[in-house]
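Novice: Could you have a look at this structure, given as structure tokens, before my questions?
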Amino acid sequence: MIKTEYDYLGEQDIETVLDIERESNPFPWTLTNFKDCIEKGYYSLVLKEDEEVIGFAILSVSTEESHLLNIGLTSAKRGQGLGKELLEKMIIAAEVMGSKEMFLEVRISNSVAIDLYKALDFKEIGLRKNYYRLENGREDAILMSKPLKKGLLSEFFFSSI
Ligand SMILES: CC(C)(COP(=O)(O)OP(=O)(O)OC[C@H]1O[C@@H](n2cnc3c(N)ncnc32)[C@H](O)[C@@H]1OP(=O)(O)O)[C@@H](O)C(=O)NCCC(=O)NCCS
């Protein structure tokens, strides 16, 4: 069993997260993209093993809906259940904050990620044509969504005031 812990994404993690992003994505997010996520206050977690960052996920949350903006694990740590665990954390965070539905886009060729999302009950709800860049041309995105449980924290908050 791998011993892992979670933390909020901070400036000090960005270089490692950029390395993970570069091995995950043909057109990776940039330093500025990750800095923006921190500045905008997106719900951004890193997954650590032995104090080393091995994964990250970024979520834009509102009470209406949440968007999973990015998720990635370093290649050596994939296929061991950690991506699923990380995504489950994001889903719980969105639920606790009272979000009603979570959305995400995924490359049509990314069968591993699509399987992960389906395993966590995301459903395909649309196609965004030519959404992602490729070396030669563009690739469609599948839009997926999942209804969320009523926010636990909001229930507590509204019943206590
Ligand atoms: C997508 C990603 C986050 C999944 O994390 P992971 O730790 O590799 O996945 P897990 O081991 O938690 O597996 C979760 C589910 O994903 C699917 N999955 C994982 N590895 C798979 C593989 N090699 N082939 C097919 N499905 C796979 C399965 O449905 C699995 O559920 P199961 O184990 O109950 O069958 C990870 O592979 C990754 O970082 N990929 C590169 C970045 C990326 O594609 N991000 C998504 C952008 S939309």
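Just so you know, all these numbers are worked out from the coordinates, no wet-lab data involved. Everything numeric in this text was worked out from a predicted model, so none of it was measured. All Cβ positions, glycine included, derive from the backbone under ideal geometry; neighbour counts span all protein chains shown.
Novice: Mind listing the long-range amide H neighbours of Thr74? Cut-off is under 5 Å, sequence gap 5 or more, other chains count too, H placed in the peptide plane at 1.01 Å from N.
Specialist: Gly55
Novice: Mind listing the phi-derived Karplus ³J(HN,Hα) values for the range 98-114, rounded to whole Hz, using 6.51, -1.76 and 1.60 with θ = phi - 60°, and x for any glycine or proline?
Specialist: The phi angles translate into x, 5, 8, 8, 10, 10, 7, 10, 9, 4, 4, 8, 8, 5, 5, 5, 4 Hz.
Novice: Using only the alpha-carbon atoms of the range 4-159, report the extent along each of the three principal axes, biggest first, to the nearest angstrom.
Specialist: Principal-axis extents of the range 4-159 (Cα, largest first): 54, 38, 31 Å.
Novice: Next question. Would you mind ranking Lys118, Lys100, Lys129 by Cβ crowding within 10 Å, fewest neighbours first?
Specialist: Numbers: Lys118 12, Lys100 16, Lys129 8.
Sorted ascending by nearby Cβ count, the order is Lys129, Lys118, Lys100.
Novice: Rounded to the nearest 500, what is the 222 nm mean residue ellipticity of the chain from helices alone, with -39500 (n - 2.57) per DSSP H run of 4+ residues and division by all residues?
Specialist: Numbers: 5 runs with 53 residues, N = 161.
Helices in the chain give a 222 nm mean residue ellipticity of -10000 deg cm²/dmol.
Novice: May I ask you to give the average projected area over all directions of the convex hull of the Cα atoms of the range 1-74, in nm² rounded to one decimal?
Specialist: That works out to 5.4 nm², a quarter of the Cα hull's surface.
Novice: Report, by chain and number, residues whose modeled amide H sits under 5 Å from the one on Leu9, excluding near sequence neighbours (fewer than 5 apart, same chain).
Specialist: Placed amide hydrogens put Ser44, Leu45, Val46 under 5 Å from Leu9.
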